[in-house]
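Enquirer: This is the structure I have questions about; it appears just below.
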Amino acid sequence: MARVLVCGGAGYIGSHAVRALRRAGHAVVVLDDLSAGHAVAVPSDVPLVRAGMHEVAAVESALARHAIDAVMHFAAWLDVGASVRDPLGYYHNNVTGSLAVLTAMQRAGVRVLVFSSTCATYGEPERVPMDESLTPRPINAYGETKLAIERALPHLATADGLRYVALRYFNAAGAEPDGSIGEDHWPEIHLIPRAIEAATGGRPLTIFGDDYPTPDGTCLRDYIHVTDLADAHVRALDVLMAGGASGIYNVGTGQPHSVRQVIDTVSRVVGQPVQWQMGVRREGDPSALYAASDRITQALGWHPRHPDLETIVQHAWAWHRSHPRGYDDRPDRP
Ligand code: UDP
């Protein structure tokens, strides 16, 4: 059993990781400034430290007060398009913020980290499926900020004995199958919840370009169930706590799905057509991103339990149908 501080534990992936950690018997404390996260997504018996990751003293004191063994660091901005428009904001939030967490860990003597990274570190890949031997060449500031932290980690390992796993997520989607928690970003930007919105009378979906070199012209992505991501985090923690090696791993299913295929799946699952219009390419979007995940299978024994898109969309739909206004905790939300 480890005592784990989950930075960003009130957010989408973080809140699913909190559930998975507790199921595995770990003790959890959440640190979140609630700028994007939701207090109600944190179980009532989990301590919630309401502080920003930039607040080194607050993070350090949470680490010491709760006798934390390991940190899972999810807190970040994640909008690829916004990162192209506001790179400084992204560097400040994702890089400076993560360095603050690492500084607090160093001061508190916490030496185990599971870090949320992204397939956006690869940029436009030289080949697909993508494995970790590819040279990272991000094409957006979001990917650069995650890569900057990944690149700092081995240096901290040498200097300080930090041990880490960085998980390069492909496209997180779905929800806890029991419908208790799910995805609630505002405004929502991600494809599956946007398509559900567009199938249920909300804003129509704009497809960001159909002139990519892919079978139907729309981008290919690898949609990974959020509970499979959460499971990868718990496995990474367990291996590190047992003295296992640091590493950087892809987390995806290896199955590419086009934007049009996602739209068709959402229409079928929801039982109503997704209203869509064709738009232009979104800056910073590579044409195809899908994973080779052999390395994490070998190192952590991880396999996706919900690899098929239909199940992922069904779980996302179950969450959205039962929570049409998400957690309904934002008065500014229309
Ligand atoms: N996408 C789209 N319209 C939208 C949102 C997303 O066509 O309103 C496309 C986007 O260009 C990408 C895929 O859907 O090819 C997944 O995008 P998302 O923002 O969900 O995740 P990302 O790949 O940026 O992490």
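The values are calculated or read from the model by the stated rules, or taken from the named source; none is laboratory data. Being a predicted model, the structure only gives us computed values, none of them experimental. So basically every Cβ, Gly included, is an ideal-geometry build from the backbone, and we count neighbours across all protein chains shown.
Enquirer: With respect to Leu220, determine if the residue is within 11 Å of the ligand (Cβ to nearest atom) and either surrounded by fewer than 22 Cβ atoms within 10 Å (Cβ to Cβ) or at negative phi (or both).
Expert: It is true that Leu220 is within 11 Å of the ligand (Cβ to nearest atom) and either surrounded by fewer than 22 Cβ atoms within 10 Å (Cβ to Cβ) or at negative phi (or both).
Enquirer: Please find, among Gln261, Gln277, Gln255, the residue that is within 23 Å of Ala166 (Cβ to Cβ) and either away from the ligand (no atom under 11 Å from the Cβ) or surrounded by fewer than 23 Cβ atoms within 10 Å (Cβ to Cβ) (or both).
Expert: Values: Gln261 fails: within 23 Å of Ala166 (Cβ to Cβ); Gln277 fails: within 23 Å of Ala166 (Cβ to Cβ).
It is Gln255.
Enquirer: A follow-up question, please. I'm told Thr206 meets every condition in (1) assigned to a strand (DSSP E or B); (2) among the β-branched types (Val, Ile, Thr); (3) within 12 Å of the ligand (Cβ to nearest atom); (4) within 19 Å of Ala120 (Cβ to Cβ) except one. Can you identify the failing condition by its number?
Expert: Single failed check for Thr206: (4).
Enquirer: So for the stretch 241-248 (the condition being part of a loop (DSSP other than H, G, I, E, B) and within 11 Å of the ligand (Cβ to nearest atom)), does at least one residue qualify? Break it down into steps so the answer makes sense when it comes.
Expert: Looking only at the stretch 241-248, we keep the residues that are part of a loop (DSSP other than H, G, I, E, B), and these are 242-246.
Within this subset, residues satisfying the condition of being within 11 Å of the ligand (Cβ to nearest atom) are none.
There is no residue in the stretch 241-248 that is part of a loop (DSSP other than H, G, I, E, B) and within 11 Å of the ligand (Cβ to nearest atom).
Enquirer: Among (1) part of a loop (DSSP other than H, G, I, E, B); (2) modelled with pLDDT of 95 or more; (3) surrounded by 17 or more Cβ atoms within 10 Å (Cβ to Cβ), which single condition is Gln272 missing?
Expert: That leaves (3) as the condition not met.
Enquirer: Ok, one more. Across the stretch 178-203, which residue is farthest from the ligand (Cβ to nearest atom) among those that are part of a loop (DSSP other than H, G, I, E, B) and of a type in the set (A, V, I, L, M)? First the steps, then the outcome.
Expert: Taking the stretch 178-203 as the starting set, the residues that turn out to be part of a loop (DSSP other than H, G, I, E, B) are 178-190, 200-203.
This time we only want the ones that are of a type in the set (A, V, I, L, M), so: 181, 189.
On the way: Ile181: 19, Ile189: 5 Å.
So, considering only residues that are part of a loop (DSSP other than H, G, I, E, B) and of a type in the set (A, V, I, L, M), the one farthest from the ligand (Cβ to nearest atom) is Ile181.
Enquirer: Just wondering, is there one or more residues in the stretch 301-322 that are within 16 Å of the ligand (Cβ to nearest atom) and at pLDDT below 95?
Expert: No: zero hits.
Enquirer: From Leu153, Leu191, grab the single residue that is surrounded by fewer than 24 Cβ atoms within 10 Å (Cβ to Cβ), modelled with pLDDT of 95 or more and in contact with a Lys or Arg (Cβ under 8 Å, 6 or more places away or on another chain). Give the steps one after another, and end with the answer.
Expert: On the way: Leu153 fails: in contact with a Lys or Arg (Cβ under 8 Å, 6 or more places away or on another chain).
Just a single option satisfies the conditions, and that option is Leu191.
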